[in-house]
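Read the structure below first, then the notes.
The values are calculated or read from the model by the stated rules, or taken from the named source; none is laboratory data. Quantities reported herein were computed from a predicted structural model and do not represent experimental measurements. Counting neighbours? That spans all protein chains shown, and the Cβs are built from the backbone with ideal geometry, glycine included.
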Amino acid sequence: MEEVRELIRSIEQRQLAPVYLLMGEEPYYIDRISEYIGSHVLTEAERGFNQAVLYGKDVGVDDIVAQAKRFPMMSEYQVLIIREAQHLSRTIEQLVSYVENPQPSTVLVLCYKYKTLDKRKKLVKALKANGCVVFESKKLYENQVADWIRKVLLGSGFKISHKASALLVEYLGTDLSKIANELDKLKIVLPEGSEIGPQDIEDHIGISKDYNNFELKKAIASRDISKATRIIKYFGENPKDNPFVLTISLLHTFFAQLLQYHGLDDHSPRNVASALRINPYFVSEYQTAARHYPMKRVSAIIGVLREMDLKGKGVGSTSLSHQDLLRELLYKIA
């Protein structure tokens, strides 16, 4: 993310802003930037007297301002990091007067996670008008995460196959912090320059490369009932690692996208990838599925998935075992 790189570069060059507002739905970059400021602005010796971390749920705006107006001890700067600043949402506008006249020797970092401040409000306008940084960390779409994984690994001297990155996204979703933690594990155990493949994911993260929702979706898309049956048998034997709700959710997303695919006038790979918000690598899977499942059948399957979702939650039926739910699901889809 170029904006993050530029922000880190400015900190490295000691072009420090008096206040950093780090906000947004994606906490990963908020954590990374605040951690970088916390470990690079001051030396280790300076941090003892000149760096503090406060929590928005425990302090008020007056406490923050009082701490921010202190002078550093034997240091050019003091760093004040406010974690969970979103808990100050009702009073955070009171920081306007401080932002308009900030303490030059203080670097104040506001970590405002999972939401954003209204950019029309006085505080955001004051921050921008007074040389402060307003950074918005936006949630990535699922189809963007695989590319993010590739770039992160490339920066560390690693590569990753399409299938391996798809496995990570399938099981970890769009939570960049969780994904980054798993990538760190792989970077420790694998030699630099390696291409991470599905076997590495299975060996070091514990996600089966052959028996997973990604492979089940692929088998159903190509109507490979034999393979799909083997996978759901494995799921039934390992219910904790393969929750029914995850399988239903992934298949519902797939068939909803397949319905959208049928409605497209332009079925070129580029247009399909853009319209469905998927990685171009997986377009062929939708092309194959479209040949096996016409639009009317896809609509019926979406209804089946909703019905099975309710059954999985124990609604409107006797409690079925995980194995029985999966068998009924495959029977009704195939």
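Annotation: of all residues in region 144-188 being under 11 Å from the mean Cα position of the chain (by Cα), in a helix (DSSP H, G or I) and not aliphatic (A, V, I, L, M), the one that is nearest to Gly24 (Cα to Cα) is Ser177. Taken over region 75-101, residues that are assigned to a loop (DSSP other than H, G, I, E, B) and of a type in the set (Lys, Arg) amount to 1. Entry remark, region 105-142: residues being touching a Leu at 6+ places or on another chain (Cβ under 6 Å) and closer than 29 Å to Asn279 by Cβ number 1 in total.
Collect the residues in region 116-143 that are assigned to a loop (DSSP other than H, G, I, E, B), in contact with a helix residue (DSSP H, G or I) (Cβ under 7 Å, 6 or more places away or on another chain) and surrounded by 14 or more Cβ atoms within 10 Å (Cβ to Cβ), keeping them in residue-number order. The answer is Leu117, Asn130, Cys132, Ser137, Leu140.
Among the candidates Lys163, Lys151, Lys185, Lys159, which residue alone is touching a Leu at 6+ places or on another chain (Cβ under 8 Å) and either β-branched (Val, Ile, Thr) or within 19 Å of Ile201 (Cβ to Cβ) (or both)? The unique qualifying residue is Lys159. Looking at this structure, is Val109 touching a Phe, Trp or Tyr at 6+ places or on another chain (Cβ under 6 Å) and part of a strand (DSSP E or B)? Spelling it out, Val109 is indeed touching a Phe, Trp or Tyr at 6+ places or on another chain (Cβ under 6 Å) and part of a strand (DSSP E or B).
One residue stands out in region 5-30 among those that are assigned to a helix (DSSP H, G or I) and touching a residue at least 24 places away in the same chain (Cβ under 8 Å): the one that is nearest to Ile82 (Cα to Cα), namely Ile30. The set of residues in region 38-81 being of a type in the set (Val, Ile, Thr) and either more than 25 Å from Leu7 (Cα to Cα) or surrounded by 12 or more Cβ atoms within 10 Å (Cβ to Cβ) (or both) consists of Val41, Val53, Val59, Val61, Ile64, Val65, Val79, Ile81. Taken over region 194-252, the criterion of being on the phi < 0 side of the Ramachandran plot, at pLDDT 90 or above and basic (Lys, Arg) is satisfied by Lys217, Lys218, Lys227, Arg230, Lys233.
Okay, residues lined up against (1) modelled with pLDDT of 95 or more; (2) in contact with a Gly (Cβ under 8 Å, 6 or more places away or on another chain); (3) not basic (Lys, Arg):
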| residue | (1), (2), (3) |
| --- | --- |
| Ala85 | yes, yes, yes |
| Ser89 | no, no, yes |
| Glu100 | yes, no, yes |
| Thr106 | yes, no, yes |
| Leu127 | yes, no, yes |
| Phe135 | yes, yes, yes |
| Lys139 | no, yes, no |
| Glu142 | no, yes, yes |
| Lys151 | no, no, no |
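Could you check, for region 39-47, whether at least one of its residues is more than 19 Å from Gly131 (Cβ to Cβ), aliphatic (A, V, I, L, M) and at pLDDT 95 or above? Yes, that holds for at least one residue.
Taking the numbered list (1) in a loop (DSSP other than H, G, I, E, B); (2) closer than 15 Å to Tyr98 by Cα in turn, Pro72 passes all entries but (2).
Please tell me if Arg327 is assigned to a helix (DSSP H, G or I) and loosely packed, with under 14 Cβ neighbours inside 10 Å. Considered against the rule, which asks whether it is assigned to a helix (DSSP H, G or I) and loosely packed, with under 14 Cβ neighbours inside 10 Å, Arg327 comes out as no.
Looking only at residues in region 285-313 that are more than 30 Å from the chain's Cα centre (by Cα) and of a type outside the set (Lys, Arg), the one that is surrounded by the fewest Cβ atoms within 10 Å (Cβ to Cβ) is Pro294.
Residues that are more than 20 Å from the chain's Cα centre (by Cα) and closer than 16 Å to Ile160 by Cβ number at least 3 in the following helices (runs of 4 or more DSSP H) confined to region 190-256: 198-204. Candidates Ile205, Ile231: the one that is surrounded by 15 or more Cβ atoms within 10 Å (Cβ to Cβ), over 22 Å from Ile302 (Cα atoms) and not acidic (Asp, Glu) is Ile205.
So for region 121-141 (the condition being over 27 Å from the mean Cα position of the chain (by Cα) and on the phi > 0 side of the Ramachandran plot), does at least one residue qualify? Yes, region 121-141 contains a residue that is over 27 Å from the mean Cα position of the chain (by Cα) and on the phi > 0 side of the Ramachandran plot. Can you tell me which residue is surrounded by the most Cβ atoms within 10 Å (Cβ to Cβ) among those in region 173-202 that are over 22 Å from Val245 (Cβ atoms) and free of Cβ contacts under 8 Å to residues at least 12 places away in the same chain? Among them, the one singled out is Glu202. Of all residues in region 257-283, those satisfying the criterion of being part of a helix (DSSP H, G or I), of a type outside the set (A, V, I, L, M, F, W, C) and either free of Cβ contacts under 8 Å to residues at least 12 places away in the same chain or more than 25 Å from Leu329 (Cβ to Cβ) (or both) are Pro269, Arg270, Asn271, Ser274, Pro280, Tyr281.
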